[in-house]
1. Using the alpha-carbon atoms, what tilt in degrees (0 to 90, nearest 10) does helix 238-256 show relative to the longest principal axis of the chain?
2. Hey, what angle do you get for helix 2-27 against the long axis of the chain, alpha-carbon based, 0 to 90 degrees rounded to 10?
3. Quick one: net charge of Arg169's neighbours, Cβ under 13 Å, K/R +1, D/E -1?
4. Please report, in whole Å, how far the alpha carbons of segment 127-194 spread along each principal axis, starting with the longest.
5. Using a 10 Å cut-off around each Cβ, can you sort Cys281, Cys36 from fewest to most neighbouring Cβ atoms?
6. What ranking do Val112, Val161, Val52 get, fewest neighbouring Cβ atoms within 10 angstrom at the top?
7. Taking Cα pairs under 8 Å and at least six residues apart, what relative contact order does the chain come out at, in percent?
8. For the residue pair Thr136 and Ala203, what label-to-label distance in nm results when each label sits 7 Å from Cα along the Cα-to-beta-carbon direction?
Amino acid sequence: MIGSAASGHSRLLLSRLRNLNKLMFNLIDAPVVVLCYHRVTVMPSDPHLLAVSPDNFRSHMKYLKQNFQVVRFEDDWSRLRRPAFAVTFDDGYADNAHEALPVLEALEIPAVFFISTGNIGATEEFWWDELERLVTGKSNYPVKFELEDPMHGRSWPTATVEERNAMHRDIHRLTMKINAKQRTGWLKQLREWAGQDWAVEAANRSLTEDELKSLAQNQWVTIGAHTVTHSRLSALSEEEQRYEIVSSKQRLEKLLERELNVFSYPFGKRNDYDMTSVRICREAGFLKAAAAFPGEAHRWTDPYQIPRHFVYNWDLDTFAARLKCLWI
């Protein structure tokens with residue numbers, strides 16, 4: 001009898017230990033690190049460090065596939081049992097479909113492409129590409145440029161390459177403080193100053209409607225919204241923010257004939273959007289929104305402020321070392 005009681009007690013204790021282990025296992029938090037790419041191509045000039053070469057991108061994706069779990073950005077991550085990565089792209093360059101997608105498809109890696117809808121099939125470049133071309137390209141430039149603006153107006157010397165590069169940095173910084181209408185006016189002034197017209201460098205073009213539709217049909221692709229004009233949301237009024245966020249969602253849903261539930265903030269640092277942006281995303285029906293500050297996504301992470309890490313044109317050794325640092 002004593003032996004039987006002892007045996008029963010042992011079985012009860014073992015059962016409780018198993019339940020405790022199960023509970024602890026369920027409480028394990030498996031973080032997700034979200035990577036942010038923009039372009040997969042080779043650029044002669046890349047001042048904003050947006051481009052990753054096709055060879056480097058392929059090596060990045062192979063390394064992820066061989067060493068980690070790669071999950072979809074839009075999925076529920078609460079039940080993951082081991083750390084994972086998610087792959088995202090911002091903006092909507094045409095090279096996303098022609099250079100990035102074949103690699104993702106061959107390796108069966110899911111990715112979300114966040115699209116700025118104002119440039120879909122556009123005859124002009126993304127505004128930052130046009131700004132670079134107008135200011136730092138080849139032209140018979142005047143010796144100075146005077147920006148006419150009631151708040152930000154000023155003058156720059158522009159006789160040398162160094163002076164124009166400095167002006168490019170200054171104007172790009174100032175564009176973070178204005179809305180799309182003001183920015184359009186600034187670009188018009190720069191065209192007149194540089195003696196150039198609207199033009200699109202073939203390498204800088206955005207996706208056409210047909211390319212976007214084809215991209216969206218791929219089983220490894222999710223499409224998300226990324227505003228209309230890629231303006232800094234925190235610099236805009238609530239009405240302007242609502243237009244940027246909601247209209248981009250509506251256009252993509254109409255074009256692709258499906259509901260969209262993910263979004264990413266342009267630029268994405270904590271001061272590039274605000275709580276109004278977050279609220280509008282929630283009200284618009286988005287389930288997740290990606291930011292661009294470092295960190296891991298955990299169960300307690302705000303789904304409307306998911307951290308992401310920018311990826312640059314690193315070789316494989318640098319990429320692997322960078323990823324390793326994220327887990328330590």
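No value in this document is a laboratory result; all are computed from the given coordinates. Nothing here was measured: the structure is a model prediction, and the numbers come from that model. Glycine also receives a Cβ, built like all others from the backbone with ideal geometry; neighbour counts cover every protein chain displayed.
1. Value to nearest ten degrees: 70.
2. That works out to roughly 0 degrees.
3. My count for the surroundings of Arg169 gives -2.
4. 29, 22, 19
5. Going from least to most buried by this count: Cys36, Cys281.
6. Val161, Val112, Val52
7. It comes to 21 percent, rounded to a whole number.
8. Going from the Thr136 label point to the Ala203 one covers 1.2 nm.
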